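What follows is a single structure, written as structure tokens, with notes after it.
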Amino acid sequence: MSDHMNTVPAVARALDLIEFLFSEREPKTLRELSQTLNIPTASLFRILKDLTRREYITALEGTPVRYAIGCRPFQLVSGYQDRFDGRESLKPAMEELTARTGQTAQYAIFQNGQFMYIEQSLSSANLNFLAQLYTPLEVNTSAGAKIILASLPEPVREQYLNGLTLRRRTARTIGDMEQFREELSLSEKRGYGLDLEEAAAGIGCMAVPVLDQDGSCRSAIGVTGPIEEYQDAASFRHIHTCLTEAAAKIRSRRW
């Protein structure tokens, strides 16, 4: 069955409405929303009424009434971010890591069956990398996701891999599951994950685990920069040293 046939029209329209208002700088009237989103005004009015009542959308007084994004989405985002204990304490260590390596630093976590970045520190280099925070990562293109996955208990790791489809983003991306398992085994043995032009040409990344108090691993810190810095032995060792020291600092501050 196609995705289109599985779609619930009212839900799809509500989500289209919320996403559209998020992207707009100015409030919109019912007529403007109806024309832009191609939703009949009667149906749209009912959706707006429900979403306004639950504060996902705000109705601004005037003639005609205009609609803008409400406070509820921001409350949800703020509450979601607050779930990550010690997020604020990450910044000093990450900024220091960026200063020492000249690369963009990222902090990855494994949460609710997904890998994502929750913090980053941008470098001032011309070649920069901007990750989307709180967005699921493709595990075969992320050094942070690789080392976290490699560090998980085998049953948890295999459960994740059994439902995984590997997609290639570059010619160097690992798309074969057995080869990817070998990469994870190698990452576990050496204690760091690598992305060598697997996410994007000309870009390299290294990440090390950040252990929890019980010795388990649900997070990792990494850096991203020019691939040449990962091909030079001295630079490679420097990056690894800086990462190891940053991970130790973050771990000590979280306890």
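Counting only strands (runs of 3 or more DSSP E) wholly contained in segment 187-226, the ones carrying 2 or more residues that are open to solvent by less than 30 Å² (accessible area, probe 1.4 Å) and more than 20 Å from ALA93 (Cβ to Cβ) occupy 193-196, 203-211.
So, ALA234, is that one open to solvent by 10 Å² or more (accessible area, probe 1.4 Å), at pLDDT 95 or above and not basic (Lys, Arg) or not? Walk me through it before giving the result.
On the way: open to solvent by 10 Å² or more (accessible area, probe 1.4 Å): yes; at pLDDT 95 or above: yes; not basic (Lys, Arg): yes.
It is true that ALA234 is open to solvent by 10 Å² or more (accessible area, probe 1.4 Å), at pLDDT 95 or above and not basic (Lys, Arg).
Name the residue that is most open to solvent (accessible area, probe 1.4 Å), counting only residues in segment 52-74 that are in a loop (DSSP other than H, G, I, E, B) and either closer than 18 Å to ASP16 by Cβ or free of Cβ contacts under 8 Å to residues at least 12 places away in the same chain (or both). Looking at residues that are in a loop (DSSP other than H, G, I, E, B) and either closer than 18 Å to ASP16 by Cβ or free of Cβ contacts under 8 Å to residues at least 12 places away in the same chain (or both), I get GLU61.
Count of segment 162-179 residues, restricted to those that are without any contact (Cβ under 8 Å) to a residue 12 or more places away in the chain, outside any loop (DSSP other than H, G, I, E, B) and open to solvent by less than 100 Å² (accessible area, probe 1.4 Å), is 1.
Among the residues of segment 246-255, the ones that are exposed (fewer than 15 other Cβ atoms within 10 Å of the Cβ) and closer than 17 Å to MET94 by Cα come to 3 in all. Anything in segment 149-176 that is modelled with pLDDT under 90 and more than 22 Å from VAL208 (Cα to Cα)? List them, or say none. Within segment 149-176, GLN159, ASN162, GLY163, LEU164, THR165 meet the criteria. Considered as a group, the residues in segment 120-141 that are assigned to a loop (DSSP other than H, G, I, E, B) and among the polar types (S, T, N, Q) include one that is modelled with the lowest pLDDT, and that residue is ASN128. When the criteria are applied in full, TYR117 fails the requirement of being among the hydroxyl-bearing types (Ser, Thr, Tyr), at pLDDT 90 or above and touching a helix residue (DSSP H, G or I) at 6+ places or on another chain (Cβ under 6 Å). Looking across segment 26-51, the residues that are part of a loop (DSSP other than H, G, I, E, B) and open to solvent by 80 Å² or more (accessible area, probe 1.4 Å) come down to GLU26, ASN38.
The values are calculated or read from the model by the stated rules, or taken from the named source; none is laboratory data. Keep in mind that what you see is a predicted model, and the values were worked out from it rather than measured. FYI the Cβ positions are ideal-geometry reconstructions off the backbone, even for glycines, and counts take in every protein chain you see. Each accessible area value is taken on the protein alone, full model and side chains, heavy atoms only, with ligands, DNA and RNA left out. Shrake-Rupley method; radii C 1.70, N 1.55, O 1.52, S 1.80 Å.
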